[in-house]
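K.L.:
Quick one: structure below, then a few questions.
The values are calculated or read from the model by the stated rules, or taken from the named source; none is laboratory data. Note that the structure is a prediction, hence the values are computed from the model and not measured. With ideal geometry, Cβ positions are generated from the backbone for all residues, glycine too; neighbour counts draw on all protein chains shown. All accessible areas refer to the heavy atoms of the entire protein, side chains included, with ligands and DNA or RNA removed. Shrake-Rupley method; radii C 1.70, N 1.55, O 1.52, S 1.80 Å.
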Amino acid sequence: MSDLILFWHRRDLRVSDNVGLAAARRQTPKVVGVFCLDPQILEKDDVAPARVTYLIGCLEELQRRYLEAGGNLLILRDEPHRAIPRLATDLNAQAVYWNSDVEPYAKARDQAVEQALKTQGIAVVTHWDQLLHGPGKILTKSNNEPYTVFTPFWKNWISQKKAQPLPTLVGLQNLSDEEKLAASQAGEIVLPAPKNLGYFWENKLPLTPGETAAQERLIQFSDAKISTYGEQRDLPAIAGTSGLSAAHKFGAIGIRTVWQVSQEAYERCRSDEERKNVQTWQQELCWREFYQHALYFFPWLAENPYREEFKNFPWDDSEEYFQAWCAGKTGYPIVDAAMRQLNEIGWMHNRCRMIVASFLTKDLLINWQWGEKYFMQKLCDGDLSANNGGWQWSASCGLDPKPLRIFNPAAQTQKFDPEADYIREWLPELRSVDTEYLVTGKIPPLEGERCHYPQPIVDHKIQQKSF
Ligand code: FAD
Ligand code: FO1
């Protein structure tokens with residue numbers, strides 16, 4: 001057996017600050033990267049073209065980074081439990097390393113791959129990389145159980161020491177000609193374009209793919225926006241948030257790097273106000289970890305509401321209303337603007353995610369799982385744990401014990417888009433309508449091209465009572 005280690009990338013598409021990859025490199029310069037295009041994921045009906053385009057863009061940069069480090073990133077296209085052991089055997093690898101994930105599919109997939117590798121006498125080494133504190137590290141102090149409420153989780157999480165970023169991959173040994181031949185016989189392919197996987201996305205992405213762009217975005221955000229985050233993050237017309245969510249989903253940036261940059265920003269703050277703003281952002285990073293821990297410990301959340309009483313909730317589930325919601329044609333300007341933003345750029349502002357989710361469940365009385373799936377079909381950052389957590393929170397059926405939340409679309413608009421700038425940006429047919437009409441949602445009959453904007457499909461005052 002050679003000293004070659006195969007490093008299997010999945011949602012850690014970077015060479016810097018990567019726990020498993022750095023551990024492999026400490027063992028040997030003969031680290032070979034691999035990514036497996038997985039039909040079990042790519043042929044599901046909840047994959048967004050924007051997300052696959054982002055993923056492929058990240059892989060392009062990752063391949064370049066491996067070459068610059070002197071090594072290779074191989075691409076396979078098959079079920080991982082077949083493709084990974086086959087490649088490892090053909091390359092005569094001593095071990096396969098990867099970073100663990102919280103998703104139910106990931107757990108089952110990894111177990112199958114591990115079993116196949118072990119049968120062939122190839123070692124498996126796994127690490128936690130995508131979280132500052134992996135599952136099991138943040139448990140209740142009273143009885144060592146996973147938290148089901150955010151605030152005590154946050155208090156525990158923030159009090160724990162965070163790891164430093166890990167060194168960037170350098171000094172790899174290239175594959176020999178013999179190994180290159182073995183890799184091609186084991187199914188190595190050239191990285192396909194998204195359209196060759198059946199995904200078409202012509203529009204701009206909310207974040208340029210790859211680790212360079214993610215690092216640049218992080219620095220821009222920490223230099224210019226993090227110290228005012230708490231005041232600006234709820235205004236959808238302003239780019240007051242980091243826009244890093246797709247990078248977090250695919251691990252285009254290491255979470256320890258993100259944390260270090262946020263801590264440096266915290267130390268630079270000149271007032272308690274600024275420090276509070278930075279901590280509000282750090283709290284969002286904690287929400288991300290809270291939902292990942294929840295999914296890890298309660299995998300059934302992927303299919304079921306946390307609260308039993310919602311299992312048989314009598315949803316109306318009107319197909320017609322659902323189509324109007326998806327298309328941004330409900331007659332509620334803030335809801336429609338948000339859905340058009342989602343459809344056009346594969347991203348939606350967090351405040352608007354909450355507004356449209358409340359509207360779907362509490363005004364249209366449609367099962368939150370329909371909305372959850374539609375988001376996954378569109379979002380560039382679509383992530384099972386964050387999306388499922390966000391939808392269950394919005395439908396009031398999740399972990400959070402707070403009372404029923406019903407958002408009034410007009411009140412939300414007056415508070416968070418008072419000049420209707422966001423509405424005008426995404427609803428061109430309403431651009432010349434007076435602000436007062438847009439923020440109250442009471443739009444008088446329109447003329448000409450604008451007349452295509454629909455009347456409200458339901459009455460918020462009546463609908464919210466039936467929830
Ligand atoms: P920032 O405000 O800059 O926050 C920093 C990072 O923290 C984000 O990049 C993200 O990784 C994380 N984060 C922020 N808010 C949350 C949150 N509430 N829950 C978990 N993580 C959070 N986020 C996703 O990443 N993928 C999803 O599929 C997703 N679906 C959602 C569905 C609904 C109904 C709701 C209400 C929220 C959803 N969110 C999801 C959370 C949140 O809306 C996005 O993470 C955020 O809008 C991304 O923008 P940003 O990177 O500028 O965030
Ligand atoms: N991971 C892979 O290993 N192979 C893929 O082909 C792949 C596609 C993909 C598409 C959309 C998406 O949201 C994620 C995707 N991922 C892919 C990453 C995926 O999140 C992780 O593999 C998880 O561990 C799966 O549970």
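K.L.:
Take the conditions open to solvent by 90 Å² or more (accessible area, probe 1.4 Å), assigned by TED's automatic domain parsing to the domain that holds ALA246 and modelled with pLDDT of 95 or more and apply them to ASP223. Does it pass? Talk me through it step by step, then tell me what you get.
P.N.:
On the way: open to solvent by 90 Å² or more (accessible area, probe 1.4 Å): yes; assigned by TED's automatic domain parsing to the domain that holds ALA246: yes; modelled with pLDDT of 95 or more: yes.
Here the answer is yes, as ASP223 does meet what is asked.
K.L.:
Based on what the data block shows, is LYS141 surrounded by fewer than 18 Cβ atoms within 10 Å (Cβ to Cβ), free of Cβ contacts under 8 Å to residues at least 24 places away in the same chain and not assigned by TED's automatic domain parsing to the domain that holds GLU425? Can you show your working first?
P.N.:
Values: surrounded by fewer than 18 Cβ atoms within 10 Å (Cβ to Cβ): yes; free of Cβ contacts under 8 Å to residues at least 24 places away in the same chain: yes; not assigned by TED's automatic domain parsing to the domain that holds GLU425: yes.
So LYS141 fits the description; yes.
K.L.:
Then there's this: Taking the options ALA386, ALA411, ALA395, name whichever one is over 30 Å from LYS249 (Cα atoms) and not aromatic (Phe, Trp, Tyr). Please lay out each step first, then the result.
P.N.:
Working: ALA386 fails: over 30 Å from LYS249 (Cα atoms); ALA395 fails: over 30 Å from LYS249 (Cα atoms).
Exactly one of ALA386, ALA411, ALA395 is over 30 Å from LYS249 (Cα atoms) and not aromatic (Phe, Trp, Tyr), namely ALA411.
K.L.:
Here is a follow-up. What tally of residues in the range 5-17 results from selecting those that are surrounded by fewer than 24 Cβ atoms within 10 Å (Cβ to Cβ) and either at pLDDT below 95 or more than 14 Å from ligand 2 (Cβ to nearest atom) (or both)?
P.N.:
Looking only at that region, the number is 1.
K.L.:
Closer than 19 Å to SER245 by Cβ and either open to solvent by less than 20 Å² (accessible area, probe 1.4 Å) or at pLDDT 95 or above (or both): is that true of CYS352 in this structure? Reasoning before the result, please.
P.N.:
Working: closer than 19 Å to SER245 by Cβ: yes; either open to solvent by less than 20 Å² (accessible area, probe 1.4 Å) or at pLDDT 95 or above (or both): yes.
The answer is yes for CYS352.
K.L.:
While we're looking at this one, here's another question. Can you find even one residue in the range 293-313 that is out of contact with any strand residue (DSSP E or B) (no Cβ under 8 Å at 6 or more places or on another chain), more than 16 Å from ligand 1 (Cβ to nearest atom), free of Cβ contacts under 8 Å to residues at least 60 places away in the same chain and open to solvent by less than 60 Å² (accessible area, probe 1.4 Å)?
P.N.:
Looking through the range 293-313, at least one residue is out of contact with any strand residue (DSSP E or B) (no Cβ under 8 Å at 6 or more places or on another chain), more than 16 Å from ligand 1 (Cβ to nearest atom), free of Cβ contacts under 8 Å to residues at least 60 places away in the same chain and open to solvent by less than 60 Å² (accessible area, probe 1.4 Å).
K.L.:
Turning to a different aspect of this structure: So, restricting to helices (runs of 4 or more DSSP H) that lie completely within the range 224-287, which ones have at least 3 residues that are within 16 Å of ligand 2 (Cβ to nearest atom) and within 15 Å of the chain's Cα centre (by Cα)?
P.N.:
Numbers: elements: 229-232, 245-250, 255-268.
Per the criteria, 245-250.
K.L.:
Residue under question is GLY20, and the condition is that it be among the small types (Gly, Ala, Ser), open to solvent by less than 10 Å² (accessible area, probe 1.4 Å) and either under 20 Å from LYS204 (Cα atoms) or within 14 Å of ligand 2 (Cβ to nearest atom) (or both); does it hold?
P.N.:
Working: among the small types (Gly, Ala, Ser): yes; open to solvent by less than 10 Å² (accessible area, probe 1.4 Å): yes; either under 20 Å from LYS204 (Cα atoms) or within 14 Å of ligand 2 (Cβ to nearest atom) (or both): yes.
Considered against the rule, which asks whether it is among the small types (Gly, Ala, Ser), open to solvent by less than 10 Å² (accessible area, probe 1.4 Å) and either under 20 Å from LYS204 (Cα atoms) or within 14 Å of ligand 2 (Cβ to nearest atom) (or both), GLY20 comes out as yes.
K.L.:
Determine which single condition LEU207 fails, assuming it passes every other condition in (1) crowded, with 20+ Cβ neighbours inside 10 Å; (2) closer than 15 Å to GLY57 by Cβ; (3) touching an Asp or Glu at 6+ places or on another chain (Cβ under 7 Å).
P.N.:
Among (1) crowded, with 20+ Cβ neighbours inside 10 Å; (2) closer than 15 Å to GLY57 by Cβ; (3) touching an Asp or Glu at 6+ places or on another chain (Cβ under 7 Å), LEU207 violates only (3).
K.L.:
What's the number of the condition TYR374 fails, among (1) more than 9 Å from ligand 1 (Cβ to nearest atom); (2) within 16 Å of the chain's Cα centre (by Cα); (3) surrounded by 24 or more Cβ atoms within 10 Å (Cβ to Cβ)?
P.N.:
It fails just one condition, (3).
K.L.:
Something else: Could you figure out which of (1) at positive phi; (2) surrounded by fewer than 23 Cβ atoms within 10 Å (Cβ to Cβ) isn't true of ALA420?
P.N.:
Status for ALA420: all satisfied but (2).
K.L.:
With respect to the numbered conditions (1) in a helix (DSSP H, G or I); (2) open to solvent by 30 Å² or more (accessible area, probe 1.4 Å); (3) more than 8 Å from ligand 1 (Cβ to nearest atom), which one is the sole condition not fulfilled by PRO401?
P.N.:
It is condition (1) that PRO401 fails.
K.L.:
Can you tell me how many residues within the range 344-360 are part of a loop (DSSP other than H, G, I, E, B) and charged (D, E, K, R)? Walk me through it before giving the result.
P.N.:
We begin by selecting, within the range 344-360, every residue part of a loop (DSSP other than H, G, I, E, B); these are 346-349.
From what's left, charged (D, E, K, R): none.
Going through the range 344-360 one residue at a time, the tally reaches 0.
K.L.:
Of all residues in the range 42-59, how many are open to solvent by 10 Å² or more (accessible area, probe 1.4 Å), aliphatic (A, V, I, L, M) and more than 15 Å from ligand 1 (Cβ to nearest atom)?
P.N.:
First, the residues of the range 42-59 that are open to solvent by 10 Å² or more (accessible area, probe 1.4 Å): 42-47, 49, 51, 53, 55, 57.
Narrowing the set further to residues that are aliphatic (A, V, I, L, M) leaves 42, 47, 55.
This time we only want the ones that are more than 15 Å from ligand 1 (Cβ to nearest atom), so: 42.
Residues meeting the conditions: 1.
K.L.:
Given the conditions (1) under 18 Å from the mean Cα position of the chain (by Cα); (2) surrounded by 17 or more Cβ atoms within 10 Å (Cβ to Cβ), which single one is not true for LEU91?
P.N.:
The number of the failed condition is (1).
K.L.:
Output yes when any residue across the range 99-116 is away from ligand 2 (no atom under 16 Å from the Cβ), outside the structural domain of ALA247 (by TED's automatic domain parsing) and open to solvent by 30 Å² or more (accessible area, probe 1.4 Å), and no when none is.
P.N.:
Yes: one or more hits.
K.L.:
Look at the range 62-94 and say how many of its residues are more than 16 Å from ligand 2 (Cβ to nearest atom) and either among the β-branched types (Val, Ile, Thr) or assigned to a helix (DSSP H, G or I) (or both). Working first, answer last.
P.N.:
First pass over the range 62-94, keeping only residues more than 16 Å from ligand 2 (Cβ to nearest atom): 64-72, 89-94.
Still in the running and either among the β-branched types (Val, Ile, Thr) or assigned to a helix (DSSP H, G or I) (or both): 64-68, 89-90.
Of the residues in the range 62-94, 7 are more than 16 Å from ligand 2 (Cβ to nearest atom) and either among the β-branched types (Val, Ile, Thr) or assigned to a helix (DSSP H, G or I) (or both).
K.L.:
Right, here's the next one. Tell me which residues, restricted to the range 264-303, are in the same structural domain as ASN144 (by TED's automatic domain parsing) and among the charged types (D, E, K, R).
P.N.:
Scanning the range 264-303 gives GLU264, GLU267, ARG268, ARG270, ASP272, GLU273, GLU274, ARG275, LYS276, GLU284, ARG288, GLU289.
K.L.:
Output the number of the condition that PHE200 fails; it satisfies all remaining conditions of (1) buried (at least 21 other Cβ atoms within 10 Å of the Cβ); (2) among the aromatic types (Phe, Trp, Tyr); (3) over 16 Å from ARG351 (Cβ atoms).
P.N.:
Status for PHE200: all satisfied but (1).
K.L.:
Residues to consider are GLN369, GLN392; find the one that is in contact with a Pro (Cβ under 8 Å, 6 or more places away or on another chain) and either within 11 Å of ligand 1 (Cβ to nearest atom) or open to solvent by 30 Å² or more (accessible area, probe 1.4 Å) (or both).
P.N.:
Details: GLN369 fails: in contact with a Pro (Cβ under 8 Å, 6 or more places away or on another chain).
Step by step, each of GLN369, GLN392 is checked, and only GLN392 is in contact with a Pro (Cβ under 8 Å, 6 or more places away or on another chain) and either within 11 Å of ligand 1 (Cβ to nearest atom) or open to solvent by 30 Å² or more (accessible area, probe 1.4 Å) (or both).
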